[in-house]
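Colleague: If you scroll down you'll find the structure; I have some questions about it.
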Amino acid sequence: MRNLVYFASGPNRPEYQKLGFDRIILIDNCFKNKRRYPRSIFTKSRVTCIGMDCLESIEYLKKENIKIDCFVSLNEGLSEGGGSYAINSDFFLGYVMPLLKDNYIHIMNLNYYHNFYHVTMDLPYNMEEIQKNDTRYLDPFIFSKARYHKGHAKVFQMTRITDKQVIELNPNLKLEVIHDSIWNFYDTLDVLVLSCTEQGQLGFFNKIPKVLNKNYFNLDEIFNYCELNKVKKIGFTPWARGNYDTFINTVKNHNKEYPREILLFHLNKMDYQDVKNSW
């Protein structure tokens, strides 16, 4: 089954029924409006409308076993529609990554963010722009008629890449750098340490079980937490703006029983260079 998911979609449109997907899923707060929509989740033929915040919808999509063949995000309402975070940010795309197929289509407009939001699309994927004469091409104007998309809205073929590197700093502590989303490993980690900043998403991630916010704890406190709670496997997202000397020394000098494994996850290709070059 081929699924297209449009995040912050706005209302349903008749033309969506003609798209070549088995299921089209529209996610938007507009479907919460009880006067217009008696139910917050409803289906019309192949189109399912979900009245949820986009971050909150991810857990629902997981329970529905949805895997995404085409990801669309064009009009997020960041300036005029009440949106508080960028759908194409690292935080959101990392969180949705367990739902993305290894090969999927991504439709977005990088210019939409005007450098006000941190959106790079520097991800563990090879990106190939799909041109109009390609059979895989989907016209972005199917999803948004806004004039500012002309010449800027792009269609990409995304192909997942993976890279893992074991770093031997301490024979009693396994350290691995993984070019992937930490959320792909949620079930296998005892604790996830995120470096969350307030981009409209902070409160959501702070409430997820097993998550610690690195901004609230220093490294000694996190390692003490692991020892006290017998945390065997802990994962981190990047936090030190490229300077990991303190972390490297902490790992080298670690002589307690916990943690036993540290996994460093990164989306951006050049993260953790200090750690990778430390041995």
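The values are calculated or read from the model by the stated rules, or taken from the named source; none is laboratory data. All values reported here derive from a predicted model rather than from experimental measurement. Note that we place each Cβ from the backbone using ideal geometry, even for glycine, and neighbour counts take in every protein chain shown.
Colleague: Of the residues in the range 91-123, how many are outside any strand (DSSP E or B) and either within 14 Å of the chain's Cα centre (by Cα) or of a type in the set (Ser, Thr, Tyr) (or both)? Please lay out each step first, then the result.
Modeller: Keep residues of the range 91-123 that are outside any strand (DSSP E or B), which gives 91-99, 109-123.
Pick out the ones that are also either within 14 Å of the chain's Cα centre (by Cα) or of a type in the set (Ser, Thr, Tyr) (or both) and you get 91-99, 112-113, 117-123.
The total comes to 18.
Colleague: To continue, here is another question. Could we say that Ile234 is of a type in the set (A, V, I, L, M, F, W, C) and surrounded by fewer than 16 Cβ atoms within 10 Å (Cβ to Cβ) here?
Modeller: For Ile234, the condition - of a type in the set (A, V, I, L, M, F, W, C) and surrounded by fewer than 16 Cβ atoms within 10 Å (Cβ to Cβ) - is not met.
Listed here are the residues, each with its yes/no results for (1) loosely packed, with under 14 Cβ neighbours inside 10 Å; (2) over 30 Å from Thr159 (Cβ atoms); (3) of a type in the set (Val, Ile, Thr).
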| site | (1), (2), (3) |
| --- | --- |
| Glu176 | no, no, no |
| Asp187 | yes, no, no |
| Gly203 | yes, yes, no |
| Lys207 | yes, yes, no |
| Val211 | no, no, yes |
| Phe217 | no, yes, no |
| Asp220 | yes, yes, no |
| Thr250 | no, yes, yes |
| Asn255 | yes, yes, no |
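Colleague: Within the range 267-279, can one find any residue that is among the acidic types (Asp, Glu), surrounded by 13 or more Cβ atoms within 10 Å (Cβ to Cβ) and farther than 30 Å from Val119 by Cα? Break it down stepwise before answering.
Modeller: From the range 267-279, those among the acidic types (Asp, Glu) are 271, 274; that's our starting set.
Applying the additional criterion that residues be surrounded by 13 or more Cβ atoms within 10 Å (Cβ to Cβ) yields 271, 274.
Narrowing the set further to residues that are farther than 30 Å from Val119 by Cα leaves none.
No, because not a single residue in the range 267-279 is among the acidic types (Asp, Glu), surrounded by 13 or more Cβ atoms within 10 Å (Cβ to Cβ) and farther than 30 Å from Val119 by Cα.
Colleague: Related question: Where residues in the range 145-179 are in contact (Cβ under 8 Å) with a residue 40 or more places away in the chain and in a loop (DSSP other than H, G, I, E, B), which of them is farthest from Asn75 (Cα to Cα)? Spell out how you get there, then give the answer.
Modeller: Keep residues of the range 145-179 that are in contact (Cβ under 8 Å) with a residue 40 or more places away in the chain, which gives 146, 149, 152-160, 165, 167-170, 172-179.
When the remaining residues are screened for being in a loop (DSSP other than H, G, I, E, B), the result is 146, 152-153, 172, 179.
On the way: Ala146: 8, His152: 13, Ala153: 11, Asn172: 49, His179: 29 Å.
Result: Asn172.
Colleague: Would you check which residues across the range 193-214 are farther than 16 Å from Asp90 by Cα, part of a strand (DSSP E or B) and under 16 Å from the mean Cα position of the chain (by Cα) and list them?
Modeller: Across the range 193-214, the qualifying residue is only Val211.
Colleague: A follow-up question, please. I'm told Asn126 meets every condition in (1) in a loop (DSSP other than H, G, I, E, B); (2) out of contact with any Leu (no Cβ under 9 Å at 6 or more places or on another chain); (3) closer than 18 Å to Phe265 by Cα; (4) of a type outside the set (D, E, K, R) except one. Can you identify the failing condition by its number?
Modeller: For Asn126, the failing item is (1).
Colleague: For the range 239-248, give me each residue that is hydroxyl-bearing (Ser, Thr, Tyr), in contact with an Asp or Glu (Cβ under 9 Å, 6 or more places away or on another chain) and exposed (fewer than 14 other Cβ atoms within 10 Å of the Cβ).
Modeller: Narrowing the range 239-248 to residues hydroxyl-bearing (Ser, Thr, Tyr): 244, 246.
Next, from what is left, pick out any that are in contact with an Asp or Glu (Cβ under 9 Å, 6 or more places away or on another chain): 244.
Matches in the range 239-248: none.
Colleague: Output the number of residues of the range 9-23 satisfying the condition of being in a helix (DSSP H, G or I) and out of contact with any Ser or Thr (no Cβ under 7 Å at 6 or more places or on another chain).
Modeller: 4
Colleague: Give the range 102-119 a look and list any residue that's surrounded by 13 or more Cβ atoms within 10 Å (Cβ to Cβ) and either touching a residue at least 40 places away in the same chain (Cβ under 8 Å) or not assigned by TED's automatic domain parsing to the domain that holds Lys154 (or both), or say none. Show your work before the answer.
Modeller: Just the residues of the range 102-119 that are surrounded by 13 or more Cβ atoms within 10 Å (Cβ to Cβ), to begin with: 104-113, 117-119.
Hits for the range 102-119 are Tyr104, Ile105, His106, Ile107, Met108, Asn109, Leu110, Asn111, Tyr112, Tyr117, His118.
Colleague: Given Gly51, Gly94, Gly83, Gly20, which one is surrounded by fewer than 14 Cβ atoms within 10 Å (Cβ to Cβ) and either touching a Pro at 6+ places or on another chain (Cβ under 8 Å) or touching a residue at least 12 places away in the same chain (Cβ under 8 Å) (or both)? Can you show your working first?
Modeller: Working: Gly51 fails: surrounded by fewer than 14 Cβ atoms within 10 Å (Cβ to Cβ); Gly94 fails: surrounded by fewer than 14 Cβ atoms within 10 Å (Cβ to Cβ); Gly83 fails: surrounded by fewer than 14 Cβ atoms within 10 Å (Cβ to Cβ).
Checking each option against the conditions leaves just Gly20.
Colleague: Sort out which residues of the range 195-236 are touching a helix residue (DSSP H, G or I) at 6+ places or on another chain (Cβ under 8 Å) and touching a residue at least 60 places away in the same chain (Cβ under 8 Å), and write them in order of number.
Modeller: Residues of the range 195-236 touching a helix residue (DSSP H, G or I) at 6+ places or on another chain (Cβ under 8 Å): 195-197, 199, 201, 204-205, 210-214, 217, 219-220, 222-223, 231, 233-236.
Across the range 195-236, the qualifying residues are Cys196, Gln199, Gln201, Phe204, Phe205.
Colleague: Go through the range 226-279 and report how many residues are more than 19 Å from the chain's Cα centre (by Cα) and assigned to a loop (DSSP other than H, G, I, E, B).
Modeller: 19
Colleague: Now for a different question. Do the conditions hold for Phe141, that is, is it crowded, with 19+ Cβ neighbours inside 10 Å, outside any loop (DSSP other than H, G, I, E, B) and of a type outside the set (Ser, Thr, Tyr)? Break it down stepwise before answering.
Modeller: Working: crowded, with 19+ Cβ neighbours inside 10 Å: no; outside any loop (DSSP other than H, G, I, E, B): yes; of a type outside the set (Ser, Thr, Tyr): yes.
No.
Colleague: Criterion first (closer than 14 Å to Leu4 by Cα, of a type outside the set (Lys, Arg) and touching a Pro at 6+ places or on another chain (Cβ under 9 Å)) does Leu26 satisfy it?
Modeller: Details: closer than 14 Å to Leu4 by Cα: yes; of a type outside the set (Lys, Arg): yes; touching a Pro at 6+ places or on another chain (Cβ under 9 Å): yes.
Considered against the rule, which asks whether it is closer than 14 Å to Leu4 by Cα, of a type outside the set (Lys, Arg) and touching a Pro at 6+ places or on another chain (Cβ under 9 Å), Leu26 comes out as yes.
Colleague: Failed condition for Thr188, given (1) under 25 Å from the mean Cα position of the chain (by Cα); (2) modelled with pLDDT of 95 or more; (3) closer than 23 Å to Ser73 by Cβ, with all others met?
Modeller: Every condition holds for Thr188 apart from (3).
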